[in-house]
Amino acid sequence: MIKIVDLHKKFGDLHVLKGINLNVNKGEVMVILGPSGSGKSTLLRSINLLEVPTSGQIFFDGVDITGKKIDRNRVRQRIGMVFQGFNLFPHMTVLGNVTLALLKVLKIKKEEAVKIGTDLLIRVGLKDKINGYPNQLSGGQKQRVAIARALAMNPEVMLFDEVTSALDPELVKEVLDVMKDLAKSGMTMLVVTHEMGFAKEVGSHVIFMDEGLIVEEGLAQDIFENPKHPRTKAFLDAVLY
Amino acid sequence: MEGLSNLLEKYFSIGIIWEILPYLLKGALFTVIFSASSEIIGIIIGLVTAMIRTSKIKVLNQLAIIYVDLFRGTPLLMQIIFVYYALPYVGINLPAPLAGIVALSVNSGAYVTEIFRAGIDSIDKGQIEAARSLGMSYAKTMRYIIIPQTFKRVLPPLTNEFVALIKDSSLLSVIAISELLRTAKEMMTWKLNPSSLTAAAILYLVITLPLTRLVSHMENRLKKSDAH
Ligand SMILES: Nc1ncnc2c1ncn2[C@@H]1O[C@H](COP(=O)(O)OP(=O)(O)OP(=O)(O)O)[C@@H](O)[C@H]1O
Ligand SMILES: [Mg+2]
């Protein structure tokens, strides 16, 4: 579904992605691990075209989405993204956040959009917050709204960039539970996370990045039980104690 | 004591002020009409230019920078004279009131551009990214996400700019527009007494003070709403 070929990204002189090759098939939950600064966010952001690659290709359903003639907005409609900092729209209600793109991008009728939005908010357990504003929510609730907002566009792939890192520990689980359900429903997901429990339980595949390269990749079980690369070993030892 | 009563008689002659008040009020009305319409056009110009300034279209961006520099960096008086006296040479003949509004609008547009640009820049970049990641175009992101959040923040500086514009509109007197200051000067010559200027000053205050008070009020509320 997503195929990345020799992807490079430079910020000025800083070479952040140094030739990423990656395949993600439909229904896979790809967990992306790696130390800070290894390029995990940049990789996710490139897939969503928030960063323009310096070279290389990203194929989405066989189409190179880095091409000049690509309608980036169309591509982004098919890829949902959830950020560490929630990025909810503070001037809109919870339901307004979730329905905005349905109304303004897909131009769906109001009643229908409200129905889709309400169903999604029920799904993430926020029925009673529908008419509230983001600043009335806890971090965990905000992040669940952000997930519902991304799901509203009915994306084929979901990107999660450390979505629980900004949360108080007791709020992490409610967000991970929503992601777990999503994975069970067959959603294709790329997840940057430091939650090893989640990665082990939900991840189908794991890649380990270091200094702009994928140094190890494979099935989640294999990598957690039997990491080959010394950097992966050291990293897992450190985070798993 | 005698000095004071002379001063009062000369600059604060109630009789004269009462007599000329209708003319001054008419001048004040012109001042409000000219500055308000210029402010509205200036806001439209400024909004568009600010969006160009924050976009990535290089050529337009350069033009916007030149526009802002040009109109903020030269005296408004000069701009008014140019629009009224120089444009006819390139075939653009504007009647004085229109020339006045054009000059004021374009001038205030330059200031408003910078106000909006600062406002747009002050919105967290994550807002743009979240909107774009939903497939919203740059224009839609601006319209539904950035501008609505910007408006609340730019209202105080925008109102301050309006106050400045109200005072600056007195420069329109050079192209014979009978706004408040010009009317007052005419009354001074007519009555051979400068009380009209005092009265005009008070009228300027009557117009601007509510606005400056409004700004402090808005700033306080903004502080509170940002606090949580
Ligand atoms: N817009 C940018 N301009 C310049 N440098 C950038 C930019 N974005 C990221 N970088 C740099 O690229 C490198 C990789 O950043 P990236 O955010 O992808 O790392 P990461 O693996 O997500 O790290 P973390 O775990 O801390 O989130 C870092 O050195 C970062 O400073
Ligand atoms: Mg990151």
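The values are calculated or read from the model by the stated rules, or taken from the named source; none is laboratory data. Every value quoted in this text rests on a predicted model; they were computed, and no experiment measured them. Glycine gets a Cβ as well: all are built from the backbone with ideal geometry, and neighbour counts include every protein chain shown. What goes into the accessible areas is simple: the full protein's heavy atoms, side chains included, and nothing from ligands, DNA or RNA. Shrake-Rupley method; radii C 1.70, N 1.55, O 1.52, S 1.80 Å.
Give me log10 I(q)/I(0) at q = 0.15 Å⁻¹ for region B:48-168, Debye formula, one equal scatterer per alpha-carbon, no solvent. The Debye formula, applied to the Cα set alone, gives -0.77. Given a 1.4 Å probe and the protein chains as shown, B:Ile120 ends up with an accessible area of around 10 Å². Taking only the alpha carbons of the protein assembly as shown, we obtain Rg and Dmax values of 30.4, 102 Å in that order.
Modelled label positions at B:Thr189 and B:Ser5, each set 7 Å beyond Cα in the direction of Cβ, lie 3.3 nm from each other.
Only Cα pairs under 8 Å and 6+ residues apart enter the sum, and on that basis the relative contact order of region A:143-237 stands at 21 percent. Dividing the mean sequence gap of close Cα pairs (under 8 Å, 6+ apart) by how many residues region B:2-117 holds gives a relative contact order of 40 percent. Computed extension length for B:Ser55-B:Tyr89: 8.7 nm, one decimal, from 0.36 nm per residue of separation with the Cα-Cα distance subtracted. Over all distinct Cα-Cα pairs of region B:12-86, the Kirkwood formula returns a hydrodynamic radius of 15.6 Å.
Ranking B:Thr212, B:Thr31 by solvent-accessible area of protein heavy atoms (1.4 Å probe, all protein chains present), from largest to smallest, gives B:Thr212, B:Thr31. Compared with the direct C-alpha span, the chain from A:Lys200 to A:Leu106 gains 30.2 nm at full extension, assuming 0.36 nm per residue. Extending 7 Å from the Cα toward the beta-carbon at both B:Gln62 and A:Ser185 defines two label points whose distance is 5.0 nm. Once the Cα atoms are used to define both axes, helix A:230-240 deviates from the longest principal axis of chain A by about 40 degrees.
Structural size metrics of region B:129-228, computed from C-alpha coordinates, are Rg and Dmax of 21.0, 69 Å. Rounded to the nearest 20, the Cβ-based charge dipole of region B:1-117 about its Cα centre (Lys and Arg +1, Asp and Glu -1) stands at 640 debye. Full extension of the chain segment joining B:Trp18 with B:Val174 gains 53.5 nm, where the gain is 0.36 nm per residue of separation less the Cα-Cα distance. What translational diffusion coefficient, to the nearest whole µm²/s, does region A:111-194 have by Stokes-Einstein, given a Kirkwood radius computed over alpha-carbon pairs, a temperature of 25 °C and 0.890 mPa s viscosity? The Stokes-Einstein estimate is 186 µm²/s. The mean of 1/r over all pairs of different alpha-carbon atoms in region A:1-46, once inverted, gives a Kirkwood hydrodynamic radius of 11.6 Å.
Counting only other chain Cβ atoms within 10 Å of each residue's Cβ, the peptide A:99-106 averages 4.
Binning all Cα-Cα separations of chain A at 5 Å, short to long from zero, yields these whole-percent fractions: 1, 6, 14, 17, 19, 17, 13, 8, 4, 1, 0, 0.
Computed in the context of the full set of protein chains, the accessible area of region A:129-223 at 1.4 Å probe radius has 44% of its extent on carbon or sulfur.
Looking at chain B, the accessible area is 54 square angstrom per residue; that uses a 1.4 Å probe and ignores ligands, DNA and RNA.
Rolling a 1.4 Å probe over the protein chains gives B:Arg117 an accessible area of about 60 Å².
Of the beta bridges in region A:129-236, as assigned by DSSP with both residues counted there, near 55 percent are antiparallel. Can you give the log10 of the normalised intensity I(q)/I(0) at q = 0.16, 0.23 Å⁻¹, computed with Debye over equal Cα scatterers of region A:1-106? Calculated log10 I(q)/I(0) at the listed q: -0.83, -1.33.
Considering only B:Ser37, B:Ile66, B:Phe162, and ranking their Cα positions along the charge dipole of chain B that arises from unit charges at the beta-carbon of Lys, Arg, Asp and Glu, the one farthest toward the positive end is B:Ile66. Our summary gives chain A a relative contact order of 27 percent, counting only alpha carbon pairs under 8 angstrom and 6 or more residues apart. Taking the Kirkwood radius as Rh and the Cα radius of gyration as Rg, region B:2-227 has a ratio of Rg/Rh equal to 1.08. Which residues among region A:91-134 fall inside the zone where the amide N is under 11 Å from a point 7 Å beyond the Cα of A:Asp177, along Cα→Cβ? Answer for region A:91-134: A:124-126.
Using DSSP, restrict attention to beta bridges with both residues in the protein assembly as shown and report what percent are antiparallel, rounded to the nearest 5. In the protein assembly as shown, DSSP labels about 55 percent of beta bridges as antiparallel. Working from label points 7 Å from Cα in the Cα-to-Cβ sense, the B:Phe82 to A:Met1 distance is 5.8 nm. Taking every full run of DSSP H in chain B, the ones that stretch at least 27 Å from end to end by Cα along their long axis and average 1.0 or higher on the Kyte-Doolittle scale are B:14-54.
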